[in-house]
Structure formats: C-alpha cells, structure tokens
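K.L.:
Would you mind keeping the following structure in view while I ask a few things?
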Amino acid sequence: MFFSKLLIPTLRKSPSDADIISAKLMIRSGMIRKLASGLYEFLPLGLRVIRKVENIIRHEMSIIGGQEVILPLILPKNLWIETGRWDVYGKELFRLKDRKKSEFCLAPTAEEVVVDLVKKDIKSYRQLPIMLYQFGTKFRDEVRPRFGVMRSREFLMKDAYSFHSDELDLERYYQVMFDAYKSICVKCGLKFCVVESESGPIGGSLSHEFMILADNGETELAWCKCGYSATSENAECLKADNCKEELNTIEEVFTPNAGAIEYIAKFLNLPTKKFVKTMIYIADGDPVVVLVRGDHEVNETKLQTLLEVRKVMLADEQTVISITNAPIGFAGPVGLKNANIIADLSVVGILNAVSGANKKDYHVKNINYKRDYDVNEIADIRKSVPGDICPRCEKEKLKFLRGIEIGHIFKLGTRYSKSMNATYLDSNGSENLIFMGCYGLGVTRIVSAAIEQSHDDGGIIWPDNITPFEVLIIPLDYHDNKIRKVTDKIYRELSSKGLDVLVDDRDERPGVKFKDADLIGIPYRITIGKKNLVDGNVEFKVRKNYKGNVELFKFGEIISKVLKIFKK
Ligand code: ATP
Ligand code: MG
C-alpha cells in the first residue's frame, strides 16, 4: 500500500489531553482520533493492528473448539433483571428506551444474552461442552475514561463463554483457555504475567487476570522470579523471622504527645518493626482489635475475607475509648479484656515489643506474646510490601511492578445458569444446571498496552506479529525513475509472498519520512536513495535499533533477508 493514498495523519505534537505515552503515540501516529471523552475513531493504521490481534485470538479460539458468533449490542432489561445485574452494574451501564418505552442496555459484557441463547438450544448432555465467542463492542460508562483506548467508554472485546455438564469438565476447559490466553500473549509479543484475582460484579468462584507489565499500569503487582505473581492487594505474606533475644521485664514508658509510630520509635530509639500497631476496627457492626507490626499496614480486604463480613472500617474515637480506656494512639494488646484480637502472622514473633499501654500518654516496652498478651486468631492480614519474602519459593524477595489488565477469565460455575434456569438432561434423563466459564480479552486495550510496553523516544516499536505493516519502503525520491523501479520491484516481490508492505511515496523531505517511520514503528525499513543505488545498494534498518546504524544490502539480498525474518 502507498502512504500517499492512506489516511495516516501523523502529528509532530500530541494533544494536551493525551495522558499516557500509548495514547499520545496512537494519536500522533494517526492510528486513532478522539471524538469525545472515552470515544475514539480507529483510522486505517489502527484498524490494521486490531485485525492482526483479532486474527491471533481467532486462531487460538478455533484451536480450542470455539465457535464464533455475533450477539446483539442492545440487550433487553428483563434478562438483566433475571440475573440481578440491572441494579448491581450501577452507573457503568448505559441504559436506553425504545419507542415503546421498553428498557434496554448497551452490552458491557454478554453473559445474560449468551445464557439465554444456550438455554433455548442446548437440551442434552450430548450437546455439551460448547464454547461460543465473539468480537463485540462493549459499552461502559466509566467513572474516569482515560489513557486513550486503554480505558474508554466503547471498546472492542473478545468475549467467550463455555458451557459444561459438570464442574470437572469446566475445570478442565478453564485450563485449556488459560493456556490459549498465554499463547495469545506470547504471539502478540507481550511481556505478561497471570494473577489470581477477585471476580468483581461478574461473579463466580475463581478468576485469573492476564497482566501486561508496563510502568504506567494501573495495577500494582507483586512478582517473584520463581514465577509467583499476584496483585499487591492479594499477595500472600509469610510470618517474619525474628532475632532471638532474652525476654526483658515489661515496663511502662511515658510518651507525652505521642503521635505516629515513627515519632515514638525515634523517641524510644527503637526500630518501627519492634512495635505492635494496634488498630480498632468495626466489622459489620462488631469491634475487632487488629495487630500488625509497626512497619506494616492492615490489608482490609484480607481482614474482611477472614472475618467473612461485608464491610470493615476503622472505629470512631468513642469506640476506641470504650475498648482501650484511652484516646486514639495508645492502644495495645496487653490487658485488653473481652476483645476479639486478631494478630498478623508477623506480630506474635516480635520479642520485647512496644505497644500502646491503653492509658493516655503511655506505651509499654518489652511485651511478649503469651507471657503478656494473648490473641484470638493469628492470620495473614497485612499488605504485602516490596522486599517481602516470596510466599511461594520462600527464598527470593518480592519485587513490585506495574501491570495493565488485558484479560480476565472466570470459572463461573452455576452463577448464571441458576438465576436464568439454564439446564440440560443428563444420560439418565434427569435435569441439571449447566456449568459455565467466561473469558474476556480487551482487543483495543491489547493494542495500547503493546505500545506502552514497546516504544522509545522516536515512537512505537511494533512486535512483528501485530504490526500494521511488516516492512516500510522509503524511496527518497519516488519521481526518480531508477529509485521508483527498485522500489516497485521490492514492493511487488515482498507483497507477493504475503508480507504487508507500506511504501512512503510522499513528496516529503527524507527527514520527515524518517521521523514518521520511527513514529509509526514498522519493524523493518528499507530506504532507497540515489547515492547507494550507484553501487546497487539499499539501506536496511531494524526499528528496534533506533539509534543504531543502517546496513547496506544489494537489492536482491534484501528481499531474501526480509523473507527469512518472516519465515516466508
Ligand atoms: P478494569 O478493572 O480495568 O476496569 P474489568 O475487570 O472491568 O477491567 P472485565 O470486565 O474483566 O474488565 O473485561 C475484560 C477485559 O476488557 C479487560 O481485561 C480489559 O482488557 C477490557 N476492558 C475492560 N474495561 C475496558 C475499558 N473501559 N476500555 C478498554 N478495555 C476495557
Ligand atoms: Mg472495569
């Protein structure tokens, strides 16, 4: 294809409201344009990348027996009432009425419609398992649309749904899908990791998120080179090793105007990890005393899960006073009567620890578990921090990285088939609920995440498999007969072997063409100029080696060189 005939409106500068490098580069390279907040147009270059990603996904889905369908984007309210999600989805759901005043929503995901489809046409165990998938636009009225197409209000998702006769078969297939997702990430040239995660409003028992590693990612990840990874919120913590030392006698110390732990630690000349931080929480109305080490923070999600409650929040001053007999800042586990005390794994091993004395302006030194205080439960209830020992290999230190969620797979079980009464008849003729899994992959988000992960000062560096064009030919002067002949010949030969080739035939200065070439990031560039042609040479440059030198090749050699790279 020829640059002069395509709509590739490159820009020298990015618009001021582009808030992340991938959004800036997508706009500057003419891949997308913004229509309104969270709404984007994909131009030819952008669409070519989408199609490449789609094809990689389509291939993997068909290998694992997926059948492609197209589901409606306008979905009737009654289905969403059946599953209870009309209310749960809240403001993120775009709602609308037709001329007869019937209510609908714009699809943010498609569990309801696909279960409705399957329950009408799947009657027997003989028709199971089945996996249906689509590439469909999704609509979500995000609170804060941002980062270009990474978090937009209308985006393209591959959503897949599998249906099974029992849990065992769902578990088997979940693993198959898991592996297919890994393969998609590898083929798209992405550096990624997979983390176990919360299921959110989609529901179900188990889910995994596929994360692209990138500095601008919205999610913080705990990662170990042994292969363990988790969102930092979910990362497990082990109990800490403590130094052995003689137990000293408990001692009350006067700590007037004491404030934060760091301040008292300085005042007493002790490290913060010698402190037992004592926090009073209210869990669904009941007070609990929570102990974590002075240099740690309580992980409220872990606490909530442990206590099996809907909500935990810090207690107000009045409650703190009624439990500890002291104002906030002086709580400690020693002498607390009738309280439900939960200690983090790292607390009970601290020898000669310090805590509040449950008395205004006093702390106690040299407190020791069992000798001076007891607890009701010991559990992992703290936030993981960089440098923690990995909970899997128990050797390496955890690193914290940032990630972008591009895919989320869910083992739903019977969550939807129960509420929508989707059943099948087994071999004995009895009726059973269908088991279900659902699997989302953000196609447009993959495109921006790939750029986030692969760019330099000059622009995008496309991975070979998802690049809009595989080779860019730059004739320095396309009007020159000799240059034109060589350009057309290379173009024809590479195109005829199935490569996507772009020729920059514009009447622009070489500097402009090179700048645009770096910006749009085609991985291989062949430059044809008068000077080198005298010796029958053309220039070859690999986009990854931005500042590197160009290589010279005879033009017959360059064709075989490029074909070899793409294994053609
Ligand atoms: P997030 O936590 O980022 O909002 P989600 O948990 O709401 O994502 P899912 O419902 O699991 O996302 O959707 C599946 C995939 O769709 C996500 O992994 C992501 O790649 C993509 N996706 C979700 N929301 C958006 C959005 N607003 N813009 C672009 N892609 C999105
Ligand atoms: Mg979301």
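The values are calculated or read from the model by the stated rules, or taken from the named source; none is laboratory data. Only a predicted model underlies this, so the values are computations on that prediction, with no experimental measurement involved. Methodologically, a virtual Cβ is constructed for each residue, glycine included, from the backbone with ideal geometry; neighbour enumeration extends over all protein chains shown. We work out accessible area using only protein heavy atoms, side chains counted, and drop any ligands, DNA or RNA first. Shrake-Rupley method; radii C 1.70, N 1.55, O 1.52, S 1.80 Å.
K.L.:
Just add up the charged neighbours of Ala326: K/R +1, D/E -1, any other residue whose Cβ is under 11 Å from the Cβ of Ala326.
P.N.:
On the way: positive: Lys359, Lys360; negative: Glu317, Asp361.
With Lys, Arg at +1 and Asp, Glu at -1, the neighbours total 0.
K.L.:
While we're on this one: Considering only Phe275, Val289, Ile323, whose Cα is most displaced toward the positive end of the charge dipole of region 251-379, charges sitting on Cβ of Lys, Arg (+1) and Asp, Glu (-1)?
P.N.:
Phe275
K.L.:
How much length is gained on full extension from Leu73 to Phe267, taking 0.36 nm per residue of separation minus their Cα-Cα distance?
P.N.:
63.5 nm
K.L.:
Provide the solvent-accessible area of Ser346, counting protein heavy atoms only and rolling a 1.4 Å probe, rounded to the nearest 10 Å².
P.N.:
0 Å²
K.L.:
Say each of Ile565 and Arg12 gets a label point 7 Å from the Cα, pointing the same way as Cα to Cβ; how far apart are those two points in nm?
P.N.:
Distance between the two pseudo-spin positions: 2.9 nm.
K.L.:
Could you work out the mean projected area of the convex hull around the alpha carbons of region 469-565, in square nanometres to one decimal?
P.N.:
Value for region 469-565: 5.6 nm².
K.L.:
How large is the accessible surface of Ile328 in square angstrom, using a 1.4 angstrom probe and rounding to the nearest 10?
P.N.:
Ignoring ligands and nucleic acids, Ile328 comes out at about 100 Å².
K.L.:
Counting pairs on different chains as well as pairs 8 or more places apart, how many Lys pairs in region 469-565 have Cα atoms under 14 Å apart?
P.N.:
Eligible lysine pairs with Cα atoms under 14 Å apart amount to 14.
K.L.:
Can I ask one more? Just by accessible area at a 1.4 angstrom probe, what is the order of Lys5, Lys497, Lys77 from largest to smallest?
P.N.:
Details: Lys5 165, Lys497 105, Lys77 55 Å².
Descending accessible area places them as Lys5, Lys497, Lys77.
K.L.:
Right, another one. So if we plug the beta-carbon distance of Thr305 and Ala260 into 1/(1 + (r/R0)^6) with R0 = 25 Å, what FRET efficiency do we get, rounded to 0.05?
P.N.:
Numbers: r = 28 Å, r/R0 = 1.11.
Taking R0 as 25 Å, the efficiency between Thr305 and Ala260 is 0.35.
K.L.:
Quick one: order Arg151, Arg525, Arg492, Arg310 from most to least accessible surface, probe 1.4 Å.
P.N.:
Details: Arg151 55, Arg525 30, Arg492 150, Arg310 200 Å².
Largest accessible area first, the residues go Arg310, Arg492, Arg151, Arg525.
K.L.:
Between region 335-357 and region 464-529, what is the C-alpha centre distance in whole Å?
P.N.:
Spelled out, the Cα-based centre of one part sits 69 Å from the other.
K.L.:
Applying the Karplus parametrisation 6.51 cos²θ - 1.76 cosθ + 1.60 with θ = phi - 60° to the phi angles of region 17-32, what ³J(HN,Hα) value in whole Hz is obtained for each residue in order, glycine and proline being reported as x?
P.N.:
8, 6, 9, 8, 4, 5, 5, 4, 5, 5, 6, 5, 7, x, 7, 9
K.L.:
OK, next. Against the longest alpha carbon principal axis of the chain, how many degrees, from 0 to 90 and to the nearest 10, is the axis of helix 555-565 turned?
P.N.:
For 555-565 against the chain, the angle is about 30 degrees.
K.L.:
Sticking with this one: Within straight cross-link reach of Lys120, meaning Cα distance under 25 Å, which lysines are found once same-chain residues fewer than 8 apart are removed?
P.N.:
Answer for Lys120, where 25 Å is the Cα cut-off: Lys77, Lys138, Lys158, Lys411, Lys418, listed by chain and number.
K.L.:
Please arrange Arg484, Arg153, Arg543, Arg144 by accessible surface area, largest first, computed with a 1.4 Å probe and ligands excluded. Spell out each step's value before the answer.
P.N.:
On the way: Arg484 95, Arg153 55, Arg543 15, Arg144 145 Å².
Largest to smallest exposure gives the sequence Arg144, Arg484, Arg153, Arg543.
K.L.:
Here's something else I'd like to know. Sum up the charges of everything whose Cβ sits under 13 Å from the Cβ of Lys311, counting Lys and Arg as +1 and Asp and Glu as -1, but leave Lys311 out. Don't skip to the end; give the middle numbers.
P.N.:
Details: positive: Arg310; negative: Asp284, Asp286, Glu300, Glu308.
Once positives and negatives cancel, what remains is -3.
K.L.:
Right, something else. So what does Asp295 come to for accessible area, using a 1.4 Å probe and Å² rounded to 10?
P.N.:
Accessible area of Asp295: about 60 Å².
K.L.:
Next question. Relative contact order for the chain: what percent, with Cα pairs under 8 Å and sequence separation of 6 or more? Mind dumping the intermediate values first?
P.N.:
Working: 1164 pairs, mean separation 94.9, N = 568.
With pairs under 8 Å counted, the relative contact order is 17 percent.
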